[in-house]
Amino acid sequence: MATLNNSRVAILVADGFEQVELVEPRKALEEAGAQTKLVSPAKDQVQGFNHHDKADKFDVDVPLDSADATQFDALLLPGGVANPDALRMNPKAVQFVRAFFDAGKPVAAICHAPWTLIEADVVSGRKMTSWPSLKTDLRNAGANWVDEEVVTDRGLVTSRKPDDIPAFNRKMIEEFAEGQHTGERKAARQPKPPESRLRH
């Protein structure tokens, strides 16, 4: 398995994230050598959930207000229903997420997390998966949605649900180890030039 020695990974969550989708990927990242930091709009602690029930609270390492995407090498977005819904309504969270794509840094999102990616306007033209209820939202935003355990597209890793976590973790570590995809990722977000300007 790839190693992530000294790689700095931001984990962005608001209250209501699915706890296992933070705990298990975070454990895998740290076992691979990464340094992880929990970034959140919450001030001191953020509330995890087991489906619809409150679970544990987690200490926030970096308040979103002072978070700087340039200080991180990669981004992990856990799911849960309330969490990405809150993040996509937060302009600073959306800007933080978009900064990783603008810089070509790898991102991993599971379950409902792609809601935040839609708001950040980074899904068009990408092959992705998610929790099934996001299928129409993602397709309407221009993504090629597929029902697969894990999907990788130009540094973006997506999975559907907690059962997919083992596969998600493997691909996430693989992509995070590869690092930036600057050329590919920036090209993916830029409009194609008119035919008259193309040079062969």
Every residue from the range 64-75 that is part of a strand (DSSP E or B) and out of contact with any Asp or Glu (no Cβ under 9 Å at 6 or more places or on another chain): LEU75
Mind checking which residues of the range 31-53 are more than 22 Å from ASN5 (Cα to Cα) and without any contact (Cβ under 8 Å) to a residue 12 or more places away in the chain? HIS52, ASP53
First in the range 1-30 and over 11 Å from ALA113 (Cβ atoms) and touching a residue at least 60 places away in the same chain (Cβ under 8 Å), second anywhere and surrounded by fewer than 20 Cβ atoms within 10 Å (Cβ to Cβ) and β-branched (Val, Ile, Thr), Cβ under 8 Å, 6 or more apart: ALA10/VAL62; GLY16/VAL81
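Could you list, in sequence order, the residues of the range 163-181 that are touching an Asp or Glu at 6+ places or on another chain (Cβ under 6 Å) and either surrounded by fewer than 15 Cβ atoms within 10 Å (Cβ to Cβ) or of a type outside the set (Asp, Glu) (or both)? Let's see the steps before the verdict.
Going through the range 163-181, the residues touching an Asp or Glu at 6+ places or on another chain (Cβ under 6 Å) turn out to be 164-165, 167.
Listed by number, the residues that qualify are ILE165, ALA167.
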Per the list (1) closer than 21 Å to GLY104 by Cα; (2) of a type in the set (A, V, I, L, M); (3) in a loop (DSSP other than H, G, I, E, B), residue check on ALA10 breaks on (3)
Of the residues in the range 121-162, those that are loosely packed, with under 14 Cβ neighbours inside 10 Å and touching a Phe, Trp or Tyr at 6+ places or on another chain (Cβ under 6 Å) number 1
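For the range 68-86, indicate whether the set of residues that are touching a Ser or Thr at 6+ places or on another chain (Cβ under 7 Å) and within 22 Å of ASP56 (Cβ to Cβ) is non-empty.
Filtering the range 68-86 down to residues touching a Ser or Thr at 6+ places or on another chain (Cβ under 7 Å) leaves 73-74, 77, 84.
Remaining after also requiring within 22 Å of ASP56 (Cβ to Cβ): 77, 84.
Yes, because at least one residue in the range 68-86 is touching a Ser or Thr at 6+ places or on another chain (Cβ under 7 Å) and within 22 Å of ASP56 (Cβ to Cβ).
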Residue under evaluation LEU29, criteria (1) over 21 Å from ARG88 (Cα atoms); (2) surrounded by fewer than 13 Cβ atoms within 10 Å (Cβ to Cβ); (3) of a type outside the set (Lys, Arg); (4) in contact with a helix residue (DSSP H, G or I) (Cβ under 9 Å, 6 or more places away or on another chain), criterion not met: (2)
Test each condition in (1) surrounded by fewer than 24 Cβ atoms within 10 Å (Cβ to Cβ); (2) of a type outside the set (Val, Ile, Thr); (3) in contact (Cβ under 8 Å) with a residue 40 or more places away in the chain for PRO91 and report the one that comes out false. (3)
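Each reported figure results from applying straightforward, stated rules to the coordinates on display, with no laboratory input. Note that the coordinates shown come from a computational prediction; the quantities given were computed from them, not determined experimentally. Note that we place each Cβ from the backbone using ideal geometry, even for glycine, and neighbour counts take in every protein chain shown.
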